[in-house]
1. Determine the pairs where a residue that is without any contact (Cβ under 8 Å) to a residue 40 or more places away in the chain, located within segment 29-48, has a partner that is β-branched (Val, Ile, Thr) and not in a strand (DSSP E or B) with Cβ atoms under 6 Å apart, the partner being 6 or more residues away or on another chain.
2. For residue 32, all conditions in the list (1) modelled with pLDDT of 70 or more; (2) assigned to a loop (DSSP other than H, G, I, E, B); (3) under 23 Å from residue 137 (Cβ atoms); (4) among the charged types (D, E, K, R) hold save one; what is the number of the exception?
3. Let me spell it out: the conditions are (1) surrounded by fewer than 14 Cβ atoms within 10 Å (Cβ to Cβ); (2) modelled with pLDDT of 90 or more, and residue 143 meets all of them except one. Which number is the exception?
4. Condition first: in a loop (DSSP other than H, G, I, E, B), in contact (Cβ under 8 Å) with a residue 60 or more places away in the chain and farther than 11 Å from residue 44 by Cα. Now tell me which residues in segment 63-81 satisfy that.
5. Only one of (1) within 16 Å of residue 43 (Cα to Cα); (2) of a type in the set (Gly, Ala, Ser); (3) at pLDDT 85 or above is not met by residue 137, so which one is it?
6. I want to confirm something. Restricting to segment 81-103 and keeping residues that are over 13 Å from residue 127 (Cβ atoms), at pLDDT 90 or above and among the β-branched types (Val, Ile, Thr), which single residue is surrounded by the most Cβ atoms within 10 Å (Cβ to Cβ)?
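The values are calculated or read from the model by the stated rules, or taken from the named source; none is laboratory data. Source: prediction; values computed, not measured. Note that each Cβ is placed from the backbone with ideal geometry, even for glycine, and that neighbours are counted across all protein chains shown.
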Amino acid sequence: MRTFTVIVASVAVLSRGLVAQEPKPVPKDSVRVSIPGCTKGYIFTAGPRTQDEPGSVNVPEGTHFRMNGPKKLIAEIRAHEGSMIQVTGLMKKGQYMPSGVGIGGGVRVGPGSPGDSLPSSAFGSQISLDVEGWRLAVGRCPSR
């Protein structure tokens with residue numbers, strides 16, 4: 001009887017890990033996105049959308065994101081620098097909507113504030129992405 005109890009208890013403990021984990025709820029002011037691209041340090045650059053890796057939002061190729069997340073997760077991503085990956089995470093709604101006109105090569109020209117001659121800060125208009133996970137994707141990152 002004791003052996004049976006130990007077996008039942010061990011099966012219960014081990015099967016708990018088999019239950020699918022539900023993703024964290026998305027805050028009302030945010031959206032969960034999956035974007036293929038490349039990384040360099042803490043900066044993620046959106047890559048071309050392909051049939052195999054379409055992503056979940058229409059982000060123009062070349063858009064830069066500042067990655068935020070647990071150090072261990074960011075370290076895993078940085079270990080694959082130079083490889084095409086797809087990151088999944090949360091970003092504020094409307095933050096990824098480009099302004100201005102695309103002129104090619106990931107460059108956009110848009111209106112500025114009257115009297116502005118210098119940018120307000122290096123990260124003033126940087127899009128932030130709270131990374132939840134990542135995976136390798138099909139494709140190659142451009143070499144510089």
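1. 46/59; 46/63
2. With (1) modelled with pLDDT of 70 or more; (2) assigned to a loop (DSSP other than H, G, I, E, B); (3) under 23 Å from residue 137 (Cβ atoms); (4) among the charged types (D, E, K, R) applied to residue 32, the lone miss is (2).
3. Status for residue 143: all satisfied but (2).
4. Initially, segment 63-81 is screened for residues in a loop (DSSP other than H, G, I, E, B), giving 63, 69-70, 79-81.
Applying the additional criterion that residues be in contact (Cβ under 8 Å) with a residue 60 or more places away in the chain yields 63, 69.
Once the filter is applied, which keeps residues that are in a loop (DSSP other than H, G, I, E, B), in contact (Cβ under 8 Å) with a residue 60 or more places away in the chain and farther than 11 Å from residue 44 by Cα, segment 63-81 yields only 69.
5. That leaves (1) as the condition not met.
6. For segment 81-103, the residue satisfying everything is 85.
Let's see how each residue does on (1) more than 12 Å from the chain's Cα centre (by Cα); (2) modelled with pLDDT under 90; (3) exposed (fewer than 12 other Cβ atoms within 10 Å of the Cβ):
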residue: 67; (1), (2), (3): no, no, no
residue: 71; (1), (2), (3): yes, no, yes
residue: 79; (1), (2), (3): yes, no, yes
residue: 105; (1), (2), (3): yes, yes, yes
residue: 129; (1), (2), (3): no, no, no
residue: 132; (1), (2), (3): no, no, no
